[in-house]
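Comments concern the structure below.
Quick note: the coordinates plus some simple rules give every number you see, no bench work behind them. In this text the structure is predicted, and so the values were computed from the model without any measurement. All Cβ positions, glycine included, derive from the backbone under ideal geometry; neighbour counts span all protein chains shown.
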Amino acid sequence: MTTLLHINVSPRGAESTSRRAGLRVRTHLAAHASLDGGELTVIERDLAADPLPPIGAAFTHANMVVAARRTDADPAALALSETLIAELQAADLVLITTPIHNFTVPAALKTWIDLVVRPERTFAGTPQGKQPLLRDRPVLALVSCGGRFDDRPGSQQDFFTPYLKYVLGTIGLARVEVIRLEGMVRPEAVTHAFEHVEAWCGSALPALLAAA
Ligand SMILES: Cc1cc2nc3c(=O)[nH]c(=O)nc-3n(C[C@H](O)[C@H](O)[C@H](O)COP(=O)(O)O)c2cc1C
């Protein structure tokens, strides 16, 4: 049995290109799992249908108490964070389907990150810097963008990919594959991007599953 954590971010429901691309990957994942005689168990974390609250004073305080290696953190203040971390720990692989918002992760995904990346819980503070505390498992991010990332005028810089890889690497997820779906305001680009996702599922998905 393979357990997938699927983090869906777009607020655009069925219109969302990242959600639609994610469904295609899910179909391939389920087919591969059944070919292997197993099944795909999916943990759904939909950050648009079920938004996470922005981090507040109680969480911030409890987080710092834990960071100071004290044991008197308020469990209620960390309950949501613990749920999200448990979902991650239960997963063999992670699928993140998301738009880019203002050159990087949407606020909803950043809130998930803030609740999961915690000192002395998912990373340890050491004199050598932050050391990951979670087991590695592969992450696939399907990232939908209105614009382009190339050398032509009007292109933009990608802050999403290096940031996501850096922050997930901090907690131990070192294998982050990012597929950008670019120019999603143009129908022909959507067709091309979906063809690319299909081709990637045929060529690279088996290796990702084998590594899970
Ligand atoms: C608030 C906001 C900010 C955006 N910022 C960017 C951006 O910086 N770069 C980009 O390429 N597209 C940007 N877009 C466009 C979306 O990334 C694009 O429409 C994407 O395909 C939406 O994905 P979805 O259909 O899965 O929601 C932005 C859209 C919104 C609503």
Open item on the list: Need one number: % antiparallel among DSSP beta bridges in the range 53-212, to the nearest 5.
Closed with: 30 percent
Task: Structure-based [θ]222 nm, the chain - -39500 (n - 2.57) summed over DSSP H runs of at least 4, per residue, nearest 500 - done: -13500 deg cm²/dmol
TODO: Hand me the GluC sites (Glu not before Pro) from the range 32-85 located in a DSSP loop with no more than 16 other Cβ atoms within 10 Å, in residue order please.
DONE: Glu39
TODO: Quick one: grab the alpha carbon gyration tensor of the range 1-160, order the square roots of its eigenvalues as a ≥ b ≥ c, and give me rounded if a/c is under 1.5, else prolate or oblate depending on whether a/b is larger than b/c.
DONE: oblate
TODO: Please sort by residue number the trypsin sites (Lys or Arg not before Pro) in the range 70-149 whose DSSP state is loop and whose Cβ has at most 13 other Cβ atoms within 10 Å.
DONE: Arg70, Arg135
Open item on the list: Please arrange Arg137, Arg152 by how many other C-beta atoms lie within 10 Å of their C-beta, fewest to most.
Closed with: Arg152, Arg137
- [ ] Subtracting the Cα-Cα distance from 0.36 nm times the residue separation, let me have the gained length for Ala49 to Phe194 in nm, one decimal.
- [x] 49.8 nm
Open item on the list: Once you place label points 7 Å from the Cα toward the Cβ at Glu120 and Ala107, how far apart are they in nm?
Closed with: 3.1 nm
Open item on the list: For Cα pairs less than 8 Å apart in space and 6+ apart in sequence, what is the mean separation divided by the residue count of the range 2-210, i.e. the relative contact order in percent?
Closed with: 23 percent
Task: Stretchable slack from Thr161 to Thr27, in nm (0.36 nm times residue separation minus alpha-carbon distance) - done: 45.8 nm
